[in-house]
Structure formats: structure tokens, C-alpha cells
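Heads up, the thing below is written out as C-alpha cells.
The values are calculated or read from the model by the stated rules, or taken from the named source; none is laboratory data. As the structure is a prediction and not an experimental result, all values here were calculated from the model. Here the Cβ positions follow ideal geometry from the backbone for every residue, glycine too, while neighbour counts run over all protein chains shown.
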Amino acid sequence: MKILIVEDEELMAEALTAVLTNQNYVVEIASDGEAGWELIKDFDYDLLLLDVMLPKLDGISLCRQIRNQGLQLPILLLTGRDNSHDKAIGLDAGADDYLVKPFDEEELLARVRALLRRGSVTSQPVLEWGKLRLDPISCEVSYDHHLLPLTPKEYALLELFLRNSRRVFSCGMILEHLWSYEDTPGEEAVRTHIKCLRQKLKAGGVSSSIIETVYGIGYRLKSGEETITKKQKDTEEFKENLTDVKSQKILSSVNQIWHKFKYRVIEQINVLEQLSQALIENSLNQELYSQSQRNAHTLAGSLGTFGFPEGSKIARKIENLLKLDQNNGEIDGSKLSILVQALQREINVDCQVNQVDDTSYEEYSLLLVIHNDAKFTKQLTQESVNWNLKITVARSTSAARNKLYQEHPSVVLFDPSICSDTEESLQLLREFSDRKPPVPVLILSEQTNLSEAYAMTVVRAGFTPFAGTTLIPKTISATQILSNVKNILQQSHRGETKVLAVDDDPNILALLHNLLTPWGLTVKTLADPQQFWQTLESVQPDLLILDVEMPEVSGIEICQIVRNNSHWSELPVLFLTVHNSPDIINQVFSVGADDFVTKPFVGPELVTRIINRLERMKLVRRMAKTDEKNQNNEHQRTQEALKNSQARLAGVVEIADDAIISIDDNQRITLFNQGAEKIFGFTASEVLGRPLNILLPSCFAQTHRQYVTDFGKSQVQARKMGERREISGKRKDGSEFPAEASISQLKLGDDTIYTVYLQDISERKEIERMKDEFVSVVSHELRTPLTSIHGSLGMLSSGLIKAESEQGKRLLQIAADSTERLVRLINDILDIERIESGKVEMEKQTCDVSDAIHQAVNIMQPLADKAGVVISVTAASNYSIWADCDRIIQTLTNLLNNAIKFSKAGDIVSLAVQQQDKEVLFSITDTGRGIQQDKLETIFERFQQVDASDSRKQDGTGLGLAICKSIVQHHQGQIWVESVLNQGSTFYFTIPLCKSVVVPHLENPQLETTAIGKAFSVLVCDDDPNIRTQLKTLLEQKGYRVITVAKGEDAITAATNQHPEVILLDLVMPGMNGWEVMAILKERPDTCNIPIIICSICTPDNINQSSNEFVNWVCKPVEEHSLFPILRQVLNQSSKPSRVLVVEDDDELAELLTTLLKTNEIETFLAKTGREAIQLSQQVNPDLLILDIILPEGDGFGVVEWLQQHNQLSKIPLLVYSARDLDQLERTRLKLGHTEFLTKGRVTTQEFEQKVMGLLQRIKQSSKSGEDSDNQTSISS
């Protein structure tokens, strides 16, 4: 159902569209009254939603204009005026209902449904296909009582097929039915929606084959399970209406034609038999031979259509035999005789010619009689034979609807008294009027004349009768009624679409007439092609059907004549022929054919092709008519602009980068622009007047000259060159280059000017080569981990291997490792592409080299520990460089990663930094296997490795060094490698020096804070330095800020000054022991609330024993799996749970994030749309908002902009977590409270968790600091 919204306020229009589209309505929008009126005139709508205050033409005036034109389109007025007078004006102007803004969504939809129920659409029956049910009232689809979640377009597609159960729809016709004129996509969109609809139907239990593809034509509802209506439950009417009368008409037409012409076929076969006998007796004459050739050709094209496909094949063999033997000079009579006998057996007729039955097939139009008087309908049925009419009777409105949709009557005789009330009869009349084309109706009445009131009611209902339609009384005789029916049919046919069929085979002409006439087409046949032009002018057809091979004039010649005539050049042309060779097909389409069907053809297929072609033509004409007014208005402006553009054209041509070269009839150069000079190296003065050959390679010169000559003889004005092979140009220095060119011709009297537009595509070819090579390598690298993931998970999902088994755990590890490798590869590819394309700006600032080294070492330390490799750092001084710190750390980690992977257990990887002139020189040295000299340069290229097996053995992507090179070059630095085989390698890179500050030598560099900034602080008090180092490393890896002390006295001082969130306290220490420290801390008001966890080699008597002094106990040696759950529990208990709102529309990722947060005992809320995010933000007031950018119902930018306008929510801390790369302007737009950014796929789940936990800890710490400050203020006062 299509609804037009005329609303000038964009926000309101979009809101209405969203509400209605969600209910499976097709919606179009006009922004002013005049635009709305143009759409109403040109397109059919089921409902109009009309604003009152509109530019150009207000809503009340538009409403009156619609009603003055007799249009009965239901109208719902929308306005902000809420007084009775305004409502009365709107309703008097012709509106059907009135709704005041702001309105409730539920009320709006209820009013829309009510208006549609009064119209034609909802009076149509509920559609069913077996257990599949489509209800137009509720716009719901169900299968076996279970609702199917279809999108609006999928719903509209299914409804289209169910309402037209035997029709084939091309992609173009589906686009016309389901998309608005301005928003029509390509045909690929149709195929995509068909695919999705099939998948959803199959998932709901429906056979996926319900919608089948008719190759070369389109799609249709598969036959075999009838499309029926809910109101067909009455058994008798149900059985009456299951047959498809249209299909029966086609089959009946074919059968009738066969019975009419079968004796002529016999005569044609007998002629062939006479030829075979004459050949055997050596009495052949040319007339008999020519007639036999024609007969064989005709039989080959027609027998298959009449149900004798094998007969067509035999006839084609005879035709080919006669052609082949004629060329050889001898004809084998015996072979011909065998084929003729086979043909006679195939059609199973007596070879003796009987008298031809000249009784012509009489066409029967179908009359639907809606009447419950059996005697009356019987009289009509008996009398209808004399009027060439076929009658079908419906004794209820539901039966009438079924016959309307399934039997497609030509005319209707309707008794309104069969309906329960006037409204029901008017609904039925609307349905007849809304058919395409409308079905003419004769209305019966008990009175001599229908009452004027009822006649006016009929007109107001929107039913516009055809010329000659009368309202007739029941008292007239059956003969008079049928006479009126016949007159109605004759008048309605005058407006039908006309088809002209030209074929020398009368069988085919008769068949075409009887196939197409039931579909409302007027068919004019012509057997003599020499009379074509006179017939064309008299018939004025909308479509032309041609045979290829005809005597005197061929169909190809006729098509060429039509295309060359300015009046008929746009006439659609469809060819029917027995020839299906590629040469014939190419020839047919080259002269301008629109379609091609091979004989023998299938009747329904031919009808569908013709109907689709005609409907497409009507659409084009309607669009042309819509544009005609605009074109007329534009004509004057175009003429003026043309004058100006002509003045500029010469200058544009001259300065164009592409070569523009003109030549005359002798192919001598007459124009040579600056672009041509740049490409070829010649100046214009050097080439003007010279042959074009000087610009072509010698091997192509003659071919090109002939090409231009042939092009000049064609009727085509422009053509692309080099469609079958690449073309090349030759520069002044003799070098050749690949080119892309097109040529056009302009005839000026007897002279022709040819213009060539040429581009040098050398760079494009090189880019394409590089792209192909890149895609090839990337596809290979992607398939490798994908295969491992698919294989491992496939084996586990099959149940053959249990996930809990050792083998199952190994497969899970393989899948996890391959997933990490895949993520790294994708991130590396995105990184290098964005860096090299300049889409990533280096955010340069003063960068502390020492901090960068420390962070890189911390990141790589776990990998080094696992490999048993020691990382040694040598940095005599500290330096500051002007650089993007994150990218420098990325470079260092990439180089350290390579060094560690190629080192053995026990090896040392050295990282050294020193000043070299005005640069800082970084060097990373390993003692691995080394690199061959010929590889020292190539390893910095994409996907290049020392050994092809490295990507598998060392789990690399081959992009790390290429990324390092790009980053260093963007910092105006250099990168290189020095290596000795079997001794090791040293990678160097330089970054320009900003300034240097000498600091003490760093013996054992460690970071006191994590890369994510301030986090929860933990005070570790233990006299054992090894224990302190171990705990510090563990805690920092998890994002905690660590303070370490060795004595109890120092612990008290640190707790007093730094206020950590938790204290890890050893019990046995020299001097003040742990119990004494605890007692002092609990006595002090500023430290008494700090939770203390005992960390001791001692074991408590009862670990569950409660204590006011400490909150929990960890035994040495400390294990990671026991320490961190206790820490999380303690920290969460020490303050109220954090509240996090996750805004993510991807279900799987949303579930992962919420699960991850809940395991950390964080209260988590989820919103999947922009609208939900805004609503939940107000309800929840979260401590942290995690936001994706691309969302349904408003994007992340809209959410942030809304929150920024509300003081209570404008300071919410924000973590933007999106796959989208954001530039600086976009990041500025997303600033809320404290805002940070993470890119999906570039951080691991653990890194995401650390980031979130760190932010929450900082938020709690900030909140605690604020509370402490308030407390201090209160104490002071």
C-alpha cells in the first residue's frame, strides 16, 4: 500500500515515514502542495497524509483541487490547529479525517487503518498460500500461525506475488510497483530483496521455492499450491475458483489454432513427401524444391508451439538437410524420405489431406455475473452462446472477489441487492475500478431507472464507468442485457494497447492473436511484409512483432527501416524466429530489437515478455510526460546557457587534460589540444595537417584507418574504441602507451569531422596491476586463518571431538590463535592503507623517548618472557622528539616483536637510543638467523618476508615492516637494516630531534603508571623485593597504579599522603609488623576506611572468619587467578557499583560487551538504537557511556549532540567504540564529559576491559577526591 505524505517540515515528514514504513507501508514525500499535486496526477496512492500549512499550494486548496477532479483518494489532514472551525473547513474541503499535532503514534496508525478500510485495498481478501497467510488489514504475514519478521519491501514483494499469482514480474516492473519515482534503485536491489525474502520464508518453515526465477524474464509465485483467500472457505465456491482461467485461455488458444490449421500442416508435410519422391525418381523441379524449403522452415518454427517439440526438431533437420545438400549439389532423397516419415509419425495424422475446416476460431470474452437468481443466470448462460460470450457466476461478494482475482473477467454484470448494504457494494465497485485496466461494470436495478441518490453515491465512490456504460434495469431481457455487454466491450477495446504482428506463417499469426487478445491487447496481423508501411501507419501500434525470415522483405530490414524513421524510432520491437545462432541474434539486436524469442515459443512466456515490455514503455512515457513540463520551462534557460557554453567550449577543449583530436575525411589532423600535446609530446603546429598515423604504432595504423572508415559509414554518432582489444598510442619519442579512447562523427554537408577523445591509462594499468597483486596476496593471507578457524570450529560443532578433551582444547586454541592472526592482518592492512593514503594525520607533539621505550617494552615483555628472551635497553640520555607518540610505540613494538620471534630462548634483544646530529637514532638488535643481502630492501614492502614459510611458522602478516616504513617516512625519518647471516640483524630508524634533556642512566626502566592513565591505586607493603616486583608487574599489567614500600612505617606514610584504594600488606616484616601497621591505619580517621588485604606466607585458621581489621587474605606465592577476583570484589564493595550504558546495535557484540562488564560486577544497560540511547541516558544517568557511531534511528553524533544540550547529562564520561575512523573534526563533535576513543578490531577484549576498568576507576577516584575535598571544607568551617 502506497501512502503520500505532503509535509514541508522535514523532521515531521521523516518521523511519519519511519512510523508508516515500520508498518510495511510504501511511503513517498512531497515538500509542498504543487509537488504533491504533480505526484497525485501521475501516480496512484492509497492514502494521502496532508499538512494544512504548505508552501506554493496550501493543504485546504490541494484538498479541494483533488475533489474537484473527481479523485476519491482518502485524505487525512494533519495540522497544529485544534479548533472546531478549522476542522470543519478541512472536512468540508473534502478531507476524510482530521488529526491534530502533536499526535500519538498509536492513534495515527489506527486512523490510517480505518481510512484504508473504507478504500479499495483492505476490502480485498486475505491472501493465503497453503499455511502462508498475508493480511492486508494488519499488514502481517504468518506461516502456520507464526508471524514472519518481514521488512516493508519484503512484505510488499510477497503481496505483489500473491495478488498476481500467475504473473511473471521483471525487475523493472517490480521497481515500478514498490519504489517511488525519485528513489528507484538498480535492479540488483530487487534481486537482493528477493534473496532475503526467500531466506526468511525458508527460516519460517515455508519452502524456499515459493518464488521461482523465470530465467531471462523475472520472478513469479511458483505454481502447485494455489493462492487462495480466507473468504473462500465455502466448499462449493472454493472448488469453483481454484483454476487459473488466464492460463486455460492460453492453452485453449493454442489448441484452437492447432485444430484450425492442422490440415494445412498435413499439406506442408505432404509437399515434403512429394519432394522426397521426386528426388528418388529424379523428377525434381525448382518450384517444388523452393516450396519445400519454405514449408520446412515454417514447420520448424510452429510445431513446438503446438505441443510437438520433437516435430520441430525433425523439421529443422529437414531444413538444414535441404540447405546443406543444395550447397553440395546433391540431395539425398532416401534420407529426406526417412525424416518425412518420422515427422508424420510424430504428429500422428493421416497423410491424406482432408477438407480444411475454414471455421474461424471465435474469441469468447468472459462476463462475470454477480447475481443470486439461478433462473436469471441460466437464461443469460444459454443466450451468451449467440453473443460469443462466456459467463461465470458469483452468488456472493466473496465469490465475486475470488473470480475477479483468478479469472480476470472482461466485463461485469452487477446486482447491488446481493450486498448487505450500500457500503459493501461500493467497496466492490472500487475494486473493479482499481484493476489495471479497469473492468467495465453494468449495474442492475429493480426500478426502471436507478435513483439519482444511488447513482451519485456510485460516482462519489470513485467508480468512473467507460464510455457507453449504462445503469440498466432488471426488467429488460437477457438479449438486451447481452447487447449492452457487447457494446461495452467494443467501446472498451478502443482504448486498448495495439500490437502489430508481421509473419508469413498464418499459424503463428493466428496463435499470436488468440494468445494476446485475452490480455486486453488489440492484435493486428500481417502476412505480407510488402504491405508493412501502409499497415503501420493505419494501425499505429504500441508494439511490433517481427519474424526474421520472410519472403521479399526480411524482419531485420523492416526493423532497420523503423529505427531510421524519426516518428517510429522508439517503437518497441520483438523478434520471433526459428533462428537462434549467435550471428542472427547479434544481427537482430544490432538493428535495434528490444527482445528476441525463439520459435517454438511457450505461450505464457511470450505473453509475459510482451506485457512487461508494454508496461515498461508506459512507465517511460509517463515519466517523459512528467518531465515534459519541466523541460519546456528549462528550454529558454537552456538556449541562453548554450550560447554562453559555446563561448567557453573552445577554451575548455583547449585546456582539457585529455587529448582531444579532430580529423577530416582524409584522416588528417585538424585539432590538437593542450592535453594531446602533453600526452604525445608533439606541439599542435607539428601535427596539424599531417596524417593521424604519426600518433599510432605502425602495426595498428592500417587497422585504425579502416576502423574510422567503417565508423563513418555507420549511423552511430559516437562509439567507444578498443572494445575487443586494447588500443595504444605512440609518443614523439617513439615510445608506446596504453590508451582509452572514444570517437564521434559530425556530418556538415558533404564533409564529416571525426573527433577522438583519448586518455593515457599507463598509470591506471599500473595501479590495476598492483591492485590485482595486492588482492591476490591478501585473499591468500585471509583464507589461511579462516580455513583454520572454520576447520577447528567445524570439527567441534560436529560433535566428533568434545570441547573438554585435550584435542578439543587444542582446536579451540587453534581457532583463537587464527582469529588473532586474522584481526592483526586486517588491522595491518587498514593501517598501512590509511597511513599511505594520507587519511591518517600524525598527531605530533613533544614525545618523551624514554616513556615511549618503557611503554613498548611493557607491551612486549609477556611475549619475551614466553619465548625466554631478555630485552635489554640502553639509553644514556633522555630525548624529546616531535612525533606521534602512539605511532612511535607501534614502530618499536613491531620491531621488537620481530626480534623476539626470530630469537632463541636465552638470547638477548637489545634496544638502544642515541643522538646522531639532529636526529634520534633507534636500533633494535637480535642474534637470530639474519637476512640475505638481496632481501634487505624488499622486506620493507608489503607481504614480503625473508622466507615464505615465516607467515605460518612465526604467525606474521608480512605487513609490520611496511607499516614501520610508512610511519617513519611520515616523520621525515629513515629506516634500514644491517644483517649477517646466522649472526643476527639490527634495524635502525631515525626521528628528527625536538630537544634533549640529560637525565640519569636508566638501569631498569619500569613504568609507574599504565598507558591508559590514572587507575585504581594499590599500596604494596612487603620487605621482600622479589615479592614487591612480582606484585607490581602483575598489577600494572591489569591497569592498576602501584605504590611499593618495604617497611611498615613507610606504608603508614604512603597511605596517609596518597590515599590508595586498597592495601596489600605482609604480616612478617622487620621493625613494625603487619598487625601493628593495621592497627595504626584503622585508628586514623583519614585511613580507617582503606580496605586491607593480607598477603602473607602464613595461612589463616579460618579464611571465612570476619575481621574488622582486614577484608581478605591472599597466601604467598601469589597467583593471578586468586588475587584479581579478590581485588575486584573489594573495590566494588568499597563503593557503589558502577553503571555503564552500552549503545551497540550488533547483537553478538552487544552480548559480548555486556557479559564482559557483568563479570566485573558492573551494572550494565544496553541500547540498540540512537533513540533508546537517549531514553536510557535519562533514566539511568550512567557513570560511563560506551557508544557506537553507526546506529539505527539516529547515529552516535545525534546522541552526543542531544546529551550536550542537557546540563544533567552533558558531563557523562564517554568511550567511543566504533569501527569508523574518525578525523579531528568528528572527534571534536563527540566530546561529552571525559571522552576517549577505541577502534573496533584494533584492541583486544582484554585491552577493552582494561580501558573500561581504568576509566571507571578514574571516575570513582575523581568522585572520591571531590567528596574528600568537601569533607575537608566542612571540617575547616
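For the stretch 1191-1212, a residue qualifies if it is in a loop (DSSP other than H, G, I, E, B) and without any contact (Cβ under 8 Å) to a residue 40 or more places away in the chain, and the qualifying residues are Gly1194, Asp1195, Gln1205, His1206, Asn1207, Gln1208, Leu1209, Ser1210, Lys1211, Ile1212. Output the number of residues of the stretch 485-510 satisfying the condition of being outside any loop (DSSP other than H, G, I, E, B), surrounded by fewer than 18 Cβ atoms within 10 Å (Cβ to Cβ) and modelled with pLDDT under 85. Result for the stretch 485-510: 6. If you go through the stretch 227-239 one residue at a time, do you hit one that is at pLDDT 65 or above and outside any helix (DSSP H, G or I)? No, there is no match, as no residue in the stretch 227-239 is at pLDDT 65 or above and outside any helix (DSSP H, G or I). Does Asp884 meet the test of being crowded, with 16+ Cβ neighbours inside 10 Å, in contact with a strand residue (DSSP E or B) (Cβ under 9 Å, 6 or more places away or on another chain) and in contact (Cβ under 8 Å) with a residue 40 or more places away in the chain? Answer is yes for this residue.
Give the stretch 142-168 a look and list any residue that's at pLDDT below 80 and assigned to a helix (DSSP H, G or I), or say none. Residue satisfying the conditions is Arg163 alone.
Scanning the stretch 1-30 for residues that are under 21 Å from the mean Cα position of the chain (by Cα) and β-branched (Val, Ile, Thr) returns Thr17, Thr21, Val26, Val27.
Scan the stretch 366-386 for residues that are of a type in the set (D, E, K, R) and closer than 14 Å to Val485 by Cβ and the total you get is 1.
Looking only at residues in the stretch 860-883 that are part of a loop (DSSP other than H, G, I, E, B) and modelled with pLDDT of 85 or more, the one that is nearest to Val980 (Cα to Cα) is Val869. Every listed requirement among (1) surrounded by fewer than 20 Cβ atoms within 10 Å (Cβ to Cβ); (2) out of contact with any Ser or Thr (no Cβ under 7 Å at 6 or more places or on another chain) is met by Glu549 save one, (2).
Among the residues of the stretch 689-715, those that are among the hydrophobic types (A, V, I, L, M, F, W, C) and surrounded by 10 or more Cβ atoms within 10 Å (Cβ to Cβ) comprise Leu692, Ile694, Leu695, Leu696, Phe700, Ala701, Val708, Phe711. For Ala803, the test of being in contact with a helix residue (DSSP H, G or I) (Cβ under 6 Å, 6 or more places away or on another chain), surrounded by fewer than 19 Cβ atoms within 10 Å (Cβ to Cβ) and of a type in the set (Gly, Ala, Ser) is passed.
Sub-7 Å Cβ pairs linking a first residue in the stretch 88-114 that is closer than 14 Å to Ala15 by Cβ to a second residue that is among the small types (Gly, Ala, Ser) and surrounded by fewer than 17 Cβ atoms within 10 Å (Cβ to Cβ), at least 6 apart or interchain, are Lys101/Gly80, ordered by first then second residue. Comparison of Gln1257, Gln1246 shows that the only residue that is in a helix (DSSP H, G or I) and either within 29 Å of Ile829 (Cα to Cα) or at pLDDT 80 or above (or both) is Gln1246. Scanning the stretch 1057-1086 for residues that are out of contact with any Leu (no Cβ under 9 Å at 6 or more places or on another chain) and either under 23 Å from Val1118 (Cα atoms) or of a type in the set (S, T, N, Q) (or both) yields Asn1057, Asp1066, Leu1067, Val1068, Met1069, Pro1070, Met1072, Glu1076. Do you know which residues across the stretch 885-944 are more than 45 Å from the chain's Cα centre (by Cα), farther than 13 Å from Trp976 by Cα and part of a helix (DSSP H, G or I)? Answer for the stretch 885-944, where residues must be more than 45 Å from the chain's Cα centre (by Cα), farther than 13 Å from Trp976 by Cα and part of a helix (DSSP H, G or I): Ala899, Ile900, Asp934.
Of the strands (runs of 3 or more DSSP E) that lie entirely inside the stretch 331-417, those containing 2 or more residues that are touching a Ser or Thr at 6+ places or on another chain (Cβ under 6 Å) and at pLDDT 80 or above span 365-370, 389-394.
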